[in-house]
Amino acid sequence: MELWPGAWTLLLLLFVLLLFLLPTLWFCSPSAKYFFKMAFYNGWILFLAVLAIPVCAVRGRNVENMKILRLMLLHIKYLYGIRVEVRGAHHFPPSQPYVVVSNHQSSLDLLGMMEVLPGRCVPIKRELLWAGSAGLACWLAGVIFIDRKRTGDAISVMSEVAQTLLTQDVRVWVFPEGTRNHNGSMLPFKRGAFHLAVQAQVPIVPIVMSSYQDFYCKKERRFTSGRCQVRVLPPVPTEGLTPDDVPALADRVRHSMLTVFREISTDGRGGGDYLKKPGGVGEARL
């Protein structure tokens, strides 16, 4: 079926209009630039996942495939002009399983995670399962999918994860806030990660990523270049602790992480002056 000449003219006009409109929106509208950047960020990750899937499939579902995903994602920070500084990496236990707990601000957490991700470490995050090609790549990399709303299933899977930690020398990465927090503070921690660490009697390694507010804000539709600091804190031992100790353990770890979050988000290396403004972390609800 051939298009009549008027249709070709219309398509050409639309193409020329897009060529003019897109650069105009990019330079004149910060909101449009934000949406373009986020669309490319998510689309690029999905495309990279497509490339990673056949490579990872050679091993099948294996935590070693996380090295492939990490290698393919490390360059993204350069595309967006984001400088990631890592401090305290020497705190990672060298040769034992452990549970990493980290604050969760946005999908950009992926950049900090890939920068510092230790060997044989996989996230626990169910939402990734439904992320198209990225979900399949994550499954091949051994990512653990737990439905926190189904308490019985979650407890059963956590018991299996505890055994996996000990028998297969695996580390897991958990976001104990349970959801993304765009408010520049930390939500109350859910206790699943701490129950897991206590059940397996393995240390907890807290990791804090500084506020993104000086270069990224979903509410303001702002996404520029900037700097983020990732701080690895000393491991917190759990030997001898019981489930009764979990609430105090979770509160203690959150307090130490929030203290560091405030520190690194106001030292000029991440977060800028945001935390000094009304409604910033300095006035956050605890």
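The values are calculated or read from the model by the stated rules, or taken from the named source; none is laboratory data. Note that the structure is a prediction, hence the values are computed from the model and not measured. All Cβ positions, even for glycine, are placed from backbone atoms using ideal geometry, and neighbour counts span all protein chains on display. Calculation scope for accessible area: heavy atoms of the full protein, side chains included, ligands and nucleic acids excluded. Shrake-Rupley method; radii C 1.70, N 1.55, O 1.52, S 1.80 Å.
Residues that are open to solvent by 20 Å² or more (accessible area, probe 1.4 Å) and either within 21 Å of residue 86 (Cβ to Cβ) or in contact with an Asp or Glu (Cβ under 8 Å, 6 or more places away or on another chain) (or both): find the strands (runs of 3 or more DSSP E) completely inside segment 170-271 holding 2 or more of those. Spell out the reasoning first.
Working: elements: 171-174, 204-209, 226-232.
Filter on segment 170-271 gives 226-232.
When residue 171 is tested against the conditions (1) at pLDDT below 95; (2) under 25 Å from residue 64 (Cα atoms); (3) under 21 Å from the mean Cα position of the chain (by Cα), the lone failure is (1).
Taking segment 61-73 as the range and being in contact (Cβ under 8 Å) with a residue 60 or more places away in the chain and touching a helix residue (DSSP H, G or I) at 6+ places or on another chain (Cβ under 7 Å) as the test, the residues that pass are 61, 65, 68, 69.
Just name the residue that is nearest to residue 82 (Cα to Cα) out of those in segment 1-40 that are of a type in the set (Gly, Ala, Ser) and modelled with pLDDT of 75 or more.
First pass over segment 1-40, keeping only residues of a type in the set (Gly, Ala, Ser): 6-7, 29, 31-32, 39.
Next cut, modelled with pLDDT of 75 or more only: 29, 31-32, 39.
Numbers: 29: 21, 31: 19, 32: 19, 39: 17 Å.
Looking at the filtered set, the residue picked out is 39.
All told, residue 185 falls short of being at pLDDT 95 or above and in contact with a Phe, Trp or Tyr (Cβ under 9 Å, 6 or more places away or on another chain). The residues of segment 99-108 that are over 12 Å from residue 76 (Cβ atoms) and surrounded by fewer than 22 Cβ atoms within 10 Å (Cβ to Cβ), listed by number, are 104, 106. Please tell me if residue 110 is of a type outside the set (Asp, Glu), out of contact with any Leu (no Cβ under 8 Å at 6 or more places or on another chain) and not in a loop (DSSP other than H, G, I, E, B). For residue 110, the condition - of a type outside the set (Asp, Glu), out of contact with any Leu (no Cβ under 8 Å at 6 or more places or on another chain) and not in a loop (DSSP other than H, G, I, E, B) - is not met. Residue 95 meets all of the listed conditions (1) at negative phi; (2) open to solvent by less than 80 Å² (accessible area, probe 1.4 Å); (3) not in a helix (DSSP H, G or I) but one, namely (2).
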